[in-house]
Each structure stands twice: as C-alpha cells, then as structure tokens.
Amino acid sequence: MKIPFNKPFFAGKETEYMEEAVALGHISGNGNFTKKCHKYFQDRYKFKKTLLTSSCTDALEMAAILANINPGDEVILPSYTFVSTANAFILRGAKLVFADSRADHPGIDESQVESLISPKTKAIVVVHYAGIATDMNVIMALAKANNLIVIEDAAQAIDSFYNGVPLGSIGHLGAFSFHETKNIISGEGGMLTINADEYISRSEIIWEKGTNRSAFWRGEVDKYGWVDIGSSFLPSDITAAFLFAQLEHLDQIQDRRKQIWNQYFEAFEPISHSVQLPFVPAYATNNAHMFYLVCESIEQRTALLEHLRKNEVYAVFHYLSLHASEYFLSQHDGRNLVQSDRYSDCLVRLPLHLSLTDDDIATVINCVLDFYS
Ligand SMILES: *Cc1c(COP(=O)(O)O)cnc(C)c1O
C-alpha cells in the first residue's frame, strides 16, 4: 500500500465556511473570516498585528518592503532555505550574505552571524527550520547592537516557541505559510506578523496596494488614495474561511503530528549512531512540522530513498544550498558552507501527515530500520 509523502488534512468545516463567506457577500480580501483569523492569531500568540497574505512568499516580500531594503543593503540569511526567503530581498536589490547551518540542526549557525555583519548590513533573516527555534536571544542581541531589523521566516513554525515565547513574535517581523504542505493549511496562504510599532500603519498600506484603504474603512480618512508602494498581498475571504476551519482544530492537528513524530524518534533512537536524528535545543519546542534523518553521505541517502520507494514509502530530500544555486553561484563570495551542503546532500524527510495510520507509521519505521540493519 502506497504511503505518500504528504496528504492535505481537512478538518471538516472548510467548505461550510467558504459557503458562508459567499452567502455573506464579501469574498474579496479583509472580510469577516479574515478578521476572525487575525483575531485568533493575535489572541492566541500575542502578535501585535497580523495580516493574512496569499502566501508566505508574499509575507516575506511585504517584510522586505517594510524593512526598507534598498539596492546595496546587505541581508544575512541561511543558505539552507526555500528560495522565497532569498527572493523577497533580492527583488529589492539587496546583496545576500549567506550563512551556514548548525552541525546539530539545519537552522542558521547563530555563532557565525556576527562575523558576517558589515556597515552595509540592514537585516538578519532567520528560518526556524522544521519549526525548531533559532536561538533568538543571540540574534536579537546582535540586531540591537548593530541596529538591524530581524525577520523570522516562520513558514514552518506555527504553534512553536522559543523559551515559551511564540515564534514569529520575537523579530520585528515574521512570516508564516499555510501552503498545503504545512501544519495548518489553506491551499496557498500566509501571514505577516508585525511586532514593532513603527511598522504597523505602513503594513496595512503595503497590503492594500499602497493605498490607505484600511484607514478609510475604519473612518479615519474621508477618502483613500495612493500613499506608498504596495501590492495586492491580501487573500480572498474564501481562503480565510478555509483557514479558519483549520484553526478551530489546531490543537487536534498538533497533537496527532507530535504523536507521529515521537513514534519516529523513539523508533530511530537505537540507530542514532548510524544516522543523525533531529535535535531540539532546550530553549525550543517541537511543533512536529517535519521528521527528518541526516544520512552519512549522498550515496547512502540515494540508497535509502530507493529502498523506501521500493516499499512504496515516499520520502523526499529538501533544499539545495542557495549559495551554490545556478542563479546565485556567480554572486556568492566563495565561502564554503559545509553544513548547508551536507544537509542538501544527506537530509531525508519522512511522511508526516494526518492520513497516516498506525500501520503506515510501522511500515515507514520498519523500512528505515531494515535499511540500517
Ligand atoms: C513553505 C516555505 C516558504 C514559502 O511558503 P509559501 O506559502 O509557499 O509562499 C518560505 N520559507 C520556508 C522556510 C518554507 O518552508
């Protein structure tokens, strides 16, 4: 029986709420369900302000505009990440300075960041890989000392915490994804979190195509017009309706994901001398976004993926180092990013979704153990 890598989970009321949005007659952005989602996130995670977006990519692009990134500004970010983390800043003319990953975790190596700061540095972008927090005290202290803006790519980090503080609420700005491969989904979808007062009023303007339309709806101005740059970053209220149905089941979704993650972790602990297991630092929580293994070599990974596929278990690798990509290689400063390249070559993600039965989980576990025996 085939075990797919991912299968979107439907909590139950998605289409009912979408029909409700249609019946309400406001299906463009910033409608009833959008407001309900904003309130949910602000209440539950104490974000100062949230704005739903059409994707995390959009939220990152909004963050780059809000951070006032201009041509020549330098932005420090991990090389082991999704292209959107980088594209958002290069679109504004930034010079990207890629950092390596940690040896014990694919997230940015915090200890390297200080040496990458120059007088031109404007922002640090961290990625909470697999929903496991970056050591934010280190990053925020560097930002404070050097007057830098911190943006959290929290695409994978919903309902995860750093020393008890929700991810996405620590940096000046944060970006979440509700793409169908994430824990909480709306097909395509995302959210920008704004945690510093100075970005709040401008964030609504950029969200609404550079107009002060949000202030107009609140009656703060008597007509709205073009006041800044911006784009159409807001999702339709039909998308927000879908998302709200998921949010009502957030705890249930998280509980089951964590159960599966723990079953994998316990089963693979005995082979941890042969294959690197995920590491959760004491300051971080695990939101069970992803279960990954890091093989000893690319050859071993290819063989493991092949072994799994023969047993109809669909596991996948992940990012290719951005500093070594076809697009960026000629612009990279030549530093070797050994850990990033190692994760590119050796990391495997196992199926982790709510359609997995206990039998499926046992099949995946036995297949991996069989490979390493
Ligand atoms: C999924 C993901 C994104 C992009 O999210 P979209 O909603 O698909 O735009 C960006 N960064 C990271 C780290 C991701 O995992």
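The values are calculated or read from the model by the stated rules, or taken from the named source; none is laboratory data. What you see is a predicted model; the values in this text were computed from it and never measured. Heads up, the Cβs are rebuilt from the backbone with ideal geometry, glycines too, and the neighbour counts pull from every protein chain shown.
With respect to (1) under 25 Å from Ala67 (Cα atoms); (2) surrounded by fewer than 23 Cβ atoms within 10 Å (Cβ to Cβ); (3) touching a residue at least 40 places away in the same chain (Cβ under 8 Å), the lone exception for Phe233 is condition (2). Mind telling me which of the residues Asp135, Asp104, Asp73 ends up being of a type in the set (Asp, Glu), surrounded by fewer than 18 Cβ atoms within 10 Å (Cβ to Cβ) and away from the ligand (no atom under 13 Å from the Cβ)? Just one listed residue meets the conditions, Asp104. Of the helices (runs of 4 or more DSSP H) lying entirely inside the stretch 282-373, those containing at least 2 residues that are closer than 19 Å to Ile3 by Cβ span 298-310, 358-372. Taking first residues from the stretch 290-304 that are farther than 17 Å from Pro278 by Cα and partners that are acidic (Asp, Glu) and outside any strand (DSSP E or B), the Cβ contacts under 8 Å between residues at least 6 apart in sequence or on separate chains come to Ile298/Asp345.
In the set Tyr199, Tyr264, only one residue is modelled with pLDDT of 95 or more, among the aromatic types (Phe, Trp, Tyr) and under 28 Å from Glu180 (Cβ atoms); that residue is Tyr264. Just checking, which of Val150, Val126, Val165 is away from the ligand (no atom under 12 Å from the Cβ), more than 24 Å from Leu243 (Cα to Cα) and either among the aliphatic types (A, V, I, L, M) or surrounded by fewer than 22 Cβ atoms within 10 Å (Cβ to Cβ) (or both)? From the options Val150, Val126, Val165, the qualifying one is Val150. For first residues located in the stretch 71-93 and farther than 25 Å from Pro106 by Cα, partners that are part of a helix (DSSP H, G or I) and within 16 Å of the ligand (Cβ to nearest atom) and lie 6+ apart or on another chain with Cβ distances below 6 Å form the pairs Arg92/Ala64. Filtering the stretch 35-62 to residues that are within 16 Å of the ligand (Cβ to nearest atom), among the hydrophobic types (A, V, I, L, M, F, W, C) and touching a Gly at 6+ places or on another chain (Cβ under 8 Å) leaves Leu52, Cys56, Ala59. In the stretch 171-193, which residue that is more than 9 Å from the ligand (Cβ to nearest atom) and buried (at least 24 other Cβ atoms within 10 Å of the Cβ) is farthest from Met62 (Cα to Cα)? For the stretch 171-193, the residue satisfying everything is Asn183.
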